[in-house]
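What follows is a single structure, and I will ask about it in a moment.
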Amino acid sequence: MSHPIHDGWTVRPTAGPVPERLLRTFPAQVPGSVHTDLLAAGAIGDPYLDANEQALTWMHDVDWRYERALTLEPAADDERVDLAFDGLDTVATVAVDGMVLGRTANMHRSFRFDVRHLTDRAARRLTVDLRSATAYALELRDRLGGRPSAYPTPFNFVRKMASSFGWDWGPDLRTAGIWKPVRVERWRVARLAQVRPLVTVGPDGTGRVELHVTLERSGLGTAQPVDVTAQVLGRRAQVRVAADETSALLVVEVPEAPLWWPAGYGAQPLADLVVHVTRADARDLAHLAHLADAADGPLDTWTRRIGFRTVELDTSDDTVGTAFVLRVNGRPVFVKGANWIPDDHLLTRITPQRLARRLDQALGANLNLLRVWGGGVFESDDFYRAADERGLLVWQDFLLACAAYPEESPILEEIEAEARENVVRLASHPSLVIWNGGNENVWGHEDWGWKAELDGRTWGARYAHQLFRDVVAELDPTRPYTDNSPYSPRRDAADVHPNDPDHGTHHQWEVWNRVDYTAYRGEVPRFCSEFGFQGPPTWRTLHDWVHAVDGAPLETAAEPKDDPVFLVHQKAEDGNGKLDRGMAPHLGVPDDFTDWTWAAQLNQARAVAHAVEHYRSWWPRTAGAIVWQLNDCWPVTSWAAVDSQERLKPLWFALRRANAPRLLTLVERDGAPALAVVNDTDEQWTGTAAVRRESLAGNRLATTSLVVDVPARAVAVLPLPVDLVTPVDPRAEALVVTLDEVRTVHTFVEDVDLALDPDALEATVTPVDGGLRVDLVASSLVRDITLLVDRLDPGARVDDALVTLPAGATVSLVVTTDRSLDPAALTSAPVLRTANDLLAVRQRSVMDTTPAPDGTPEPAVTR
């Protein structure tokens, strides 16, 4: 029997630089954190609002005590009583009436304490003392010797979520709390301490579930034999475990097992796998459902939903280098992925419903994989269940990121223990397809100046190259393991760099940090597991959470981009400078903050789409692209496609289009423009592509037709006639290609040099069920039509964005809202935005700075 103990907790500071007004006891929620408890009590400002993060740095150095009454009924003679913690954040001492049960220093593990000896008196006090993780980490750093990392904080010396110490997209809060459930468990004879299912499918289609079961014996009374039984899809296996044994192996075979497929490749059938442990003399299992509390009922039960599928990772050598191709059920899959960070920095606020919405947004962007990044957490079972149900593949990092990690005690033992526990915990999920040994640790050691700083000290090579590999081979041999991201599987060759694009996985961060996004197309990686570009969150999120330093709306500040509060929510080094330099050659850099945020969001979307389309055009040489990143954990300017308030940024719509099952994109092959026809479906794509070069106003200048015949899951690259790709006036012409319902529009120069008409759209608004329909007609080429509807209604949604219309084309956008919106406001700036209207912005900027005849500036144009 299991009884949660989540009520009646309090929390109070016990040491550290605590403001005097907070030297008291607060009600506490478990699971929860000190930040959420103090926020609920009104004792601190919201850490996500304005500059409150900076006002809460004192919390980094405080110790806390969680406390509650503990009532334990007397134990029967043969009854074990355990106190189980699924997660403690992080450096904890657990005690009852001052008697220490145990000490912990790892938020990624669970802990269990035998408290049978404490049931002689019902009323006791349970305390969990949480020491400052910062103080603990600094002490360990002093003892073991410093190690380099991407940030000055000591996150690599404590087994805590690395990004809890801040990142270039996240706040530095350094949480503390009881972050997962707590319960009292009572049991007899034996319990299922560990169930590890290895699910495979044979060549004949027979599903095989190999169950490795570990029992814990109560140690009370005479040891007894027990039966362990497993059932799935009507098939059953049973084994008797002798009284002196604690492990069992069962195999259940399912002929013609229904295959689980990734999204876009087939269905995701799931089956209940149920494991019982019973006394050896218990009656037939058919009665067990009715005998749960009876003497001969199950002693323990374990249930998961599994899916039958196989996973392989092809890292063979070829004429280019080293492949990195994921195969599911024998079929190669082009990975259309996004990196995943914890969906709220305050982890205990993440609900199953929120996760389901986020994974639905991933599917909506035509993604088929999420990479759980190594600076976060091993994701929850709720996350994995949602991925299983949707066919979203999951790549799970082991939790090392951007730093050198000591290989000495106690870090070594903790890392191994957390790896073993979580490999077993997640083994049942069909969505999990790759284990990865960490993020940018091997690359960092090679390139970031670590070797000299380390001076021979350990840095984590043992984890990446041996420990994690051995753990996966032992506990989960059904899944592939890769040493790091990025990582070149042929590292045994001295001349192969860990981030070599021709070998294994590659991270592309020269774009964003140093070079223009057109440089994406200068390399053809085998698999790009990180790349991305920044953009601000949606206007409503900025408006609600980020105000100017004087408390006024941000856009009213004299220099919004340089406002100290705005910069609290821009964590990247020189982030705004990189945004400006990134958009300058493409869109220009608007002076007005409203225009600037739109241009930055648009440039982010274009940069990432530019990369995704390029990578997809090189399939199968390039076998995947995982953009950084899908989601945000707080209101921030970042690389995310979905902001922290769950609103879609323009990037999300760009991802949906760039990752569409069928795609047309202009590429360069052998020094000449060509059309890539990408068919990521199970049906052959045949037809005739209509190609035309026309003026921006729609006058046909050259046309041709291309016969298209692309097999399933393939790419064809078709050369284009010279006259189609040789404009007479590059500023005033465009190339338009259509095939079936798919269209792409290519311009010959960047928008800053393109003669776009800023007034080329005619709009009408019509009420429809659930909202409004906006019908748009283009009299000339209009690029990237977007309705920023959150400016009018925080809850409004629009069904499409970044729509490009050639002259004469139309589109209807549906706005979902329960408010009455002003049609004039809906169809004008700053709600209706296009790339064209940035031309008007540039023209106004020129007018603002044009000197008058007498040499004085003209009056500024009102915006």
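Any residue at all in region 831-850 that is within 21 Å of ALA599 (Cα to Cα), touching a Lys or Arg at 6+ places or on another chain (Cβ under 9 Å), modelled with pLDDT under 95 and surrounded by 12 or more Cβ atoms within 10 Å (Cβ to Cβ)?
yes
Against the definition (surrounded by fewer than 23 Cβ atoms within 10 Å (Cβ to Cβ), out of contact with any helix residue (DSSP H, G or I) (no Cβ under 6 Å at 6 or more places or on another chain) and at positive phi), how does ASP670 come out, yes or no?
Yes.
Would you be able to tell me the number of residues in region 256-296 that are crowded, with 20+ Cβ neighbours inside 10 Å and at pLDDT below 95?
1
To keep it simple, each residue is scored yes or no on (1) open to solvent by 30 Å² or more (accessible area, probe 1.4 Å); (2) in contact with a helix residue (DSSP H, G or I) (Cβ under 6 Å, 6 or more places away or on another chain); (3) farther than 28 Å from ASP381 by Cβ.
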site	(1), (2), (3)
ARG103	yes, no, no
ARG109	yes, yes, no
ASP114	yes, no, no
ARG125	yes, no, yes
VAL128	no, no, no
ALA133	no, no, no
GLU139	yes, no, yes
SER149	yes, yes, yes
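Within region 715-770, can you find the residues that are acidic (Asp, Glu) and open to solvent by less than 40 Å² (accessible area, probe 1.4 Å)?
GLU733, ASP751
Sticking with this one: Being at pLDDT 95 or above and under 19 Å from PRO498 (Cβ atoms): is that true of ASN436 here?
So ASN436 fits the description; yes.
Given the conditions (1) under 25 Å from VAL549 (Cβ atoms); (2) open to solvent by 40 Å² or more (accessible area, probe 1.4 Å); (3) hydroxyl-bearing (Ser, Thr, Tyr), which single one is not true for SER2?
(1)
Next question, about the same structure. With respect to ALA464, is the statement that it is surrounded by fewer than 21 Cβ atoms within 10 Å (Cβ to Cβ) and part of a helix (DSSP H, G or I) true?
No.
The conditions are (1) open to solvent by 10 Å² or more (accessible area, probe 1.4 Å); (2) out of contact with any Pro (no Cβ under 7 Å at 6 or more places or on another chain); (3) under 29 Å from PHE85 (Cα atoms); (4) not in a strand (DSSP E or B), and ASN156 fails exactly one of them. Which is it?
(1)
Of all residues in region 44-93, which are open to solvent by 30 Å² or more (accessible area, probe 1.4 Å), among the hydroxyl-bearing types (Ser, Thr, Tyr) and not in a strand (DSSP E or B)?
Scanning region 44-93 gives a single hit, THR57.
Within region 417-428, identify whether any single residue is farther than 30 Å from LEU211 by Cα, over 21 Å from the mean Cα position of the chain (by Cα), among the aliphatic types (A, V, I, L, M) and open to solvent by 10 Å² or more (accessible area, probe 1.4 Å), and answer yes or no.
No, there is no match, as no residue in region 417-428 is farther than 30 Å from LEU211 by Cα, over 21 Å from the mean Cα position of the chain (by Cα), among the aliphatic types (A, V, I, L, M) and open to solvent by 10 Å² or more (accessible area, probe 1.4 Å).
Among VAL736, VAL691, VAL677, VAL715, which is within 22 Å of GLY522 (Cβ to Cβ) and either in a strand (DSSP E or B) or acidic (Asp, Glu) (or both)?
The unique qualifying residue is VAL715.
Sticking with this one: Just need a number here: residues in region 513-560 that are out of contact with any Asp or Glu (no Cβ under 8 Å at 6 or more places or on another chain), charged (D, E, K, R), in a helix (DSSP H, G or I) and modelled with pLDDT of 95 or more.
Counting residues in region 513-560 that are out of contact with any Asp or Glu (no Cβ under 8 Å at 6 or more places or on another chain), charged (D, E, K, R), in a helix (DSSP H, G or I) and modelled with pLDDT of 95 or more gives 1.
Go through region 234-255 and give me each residue that's more than 21 Å from GLU216 (Cβ to Cβ), loosely packed, with under 15 Cβ neighbours inside 10 Å and not charged (D, E, K, R).
GLY234, VAL251, PRO255
Something else: Of all the residues that make up region 460-495, how many are more than 21 Å from the chain's Cα centre (by Cα) and without any contact (Cβ under 8 Å) to a residue 60 or more places away in the chain?
16
Working carefully through the options THR704, THR744, THR764, THR726, find the one that is out of contact with any His (no Cβ under 6 Å at 6 or more places or on another chain) and outside any strand (DSSP E or B).
THR726
Look at PRO477 and say whether it is within 24 Å of ARG143 (Cβ to Cβ) and part of a loop (DSSP other than H, G, I, E, B).
So PRO477 does not fit the description; no.
So, one more: When you check LEU579 against the structure, is it within 20 Å of the chain's Cα centre (by Cα), modelled with pLDDT of 95 or more and open to solvent by less than 10 Å² (accessible area, probe 1.4 Å), yes or no?
In short, no.
Go through region 616-633 and give me each residue that's in a loop (DSSP other than H, G, I, E, B), within 24 Å of ARG647 (Cβ to Cβ) and out of contact with any helix residue (DSSP H, G or I) (no Cβ under 8 Å at 6 or more places or on another chain).
TRP628, GLN629, ASP632
The values are calculated or read from the model by the stated rules, or taken from the named source; none is laboratory data. Just so it is clear, the model here is predicted, and its values are computed rather than measured. Positions of Cβ are generated from backbone atoms using ideal geometry, with glycine treated the same way; all protein chains shown enter the neighbour counts. These accessible areas exclude ligands, DNA and RNA; they are computed on the full protein's heavy atoms, side chains included. Shrake-Rupley method; radii C 1.70, N 1.55, O 1.52, S 1.80 Å.
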